[in-house]
Amino acid sequence: MASQAAQMPSIGSSTAPAISAQATDAASKPKPCCVCKDEKSKRDECMLFSNAADPQKDCQSTIAQYRSCMAGFGFKV
């Protein structure tokens, strides 16, 4: 009986490297809500309190800063 147990592959040992690789990828990439907070608040403030007829056009520079910051973390906005 002991020889049969030694021949069977262990499920835990074969899946452990795959799980740890996924965990490291998830841990290395932050959540979108946790990055670029200053740029996001400036963008939101500009859009909400702009007196221009087209706030998106008026706040284009702050929107571009936010997009470039998010792109730096690997997010496409």
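What follows draws every value from the coordinates through simple rules; no lab data is involved. On a predicted model such as this, the values are computed, not experimentally measured, just so you know. Positions of Cβ are generated from backbone atoms using ideal geometry, with glycine treated the same way; all protein chains shown enter the neighbour counts.
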Task: Separation in nanometres of the label points that stand 7 Å from Cα toward Cβ, at K76 and K57 - done: 2.8
Open item on the list: Within 13 Å, Cβ to Cβ, of I63, how many net charges do the neighbouring residues add up to if Lys/Arg are +1 and Asp/Glu are -1?
Closed with: 0
- [ ] Subtracting the Cα-Cα distance from 0.36 nm times the residue separation, let me have the gained length for S41 to K29 in nm, one decimal.
- [x] 2.2 nm
Task: Reachable lysines from K40, criterion Cα separation under 16 angstrom, eight or more residues apart if same chain - done: K31, K76
Task: Listed residue (Q65, C34, N51) projecting farthest to the positive dipole end of the stretch 30-77, Cβ model - done: C34
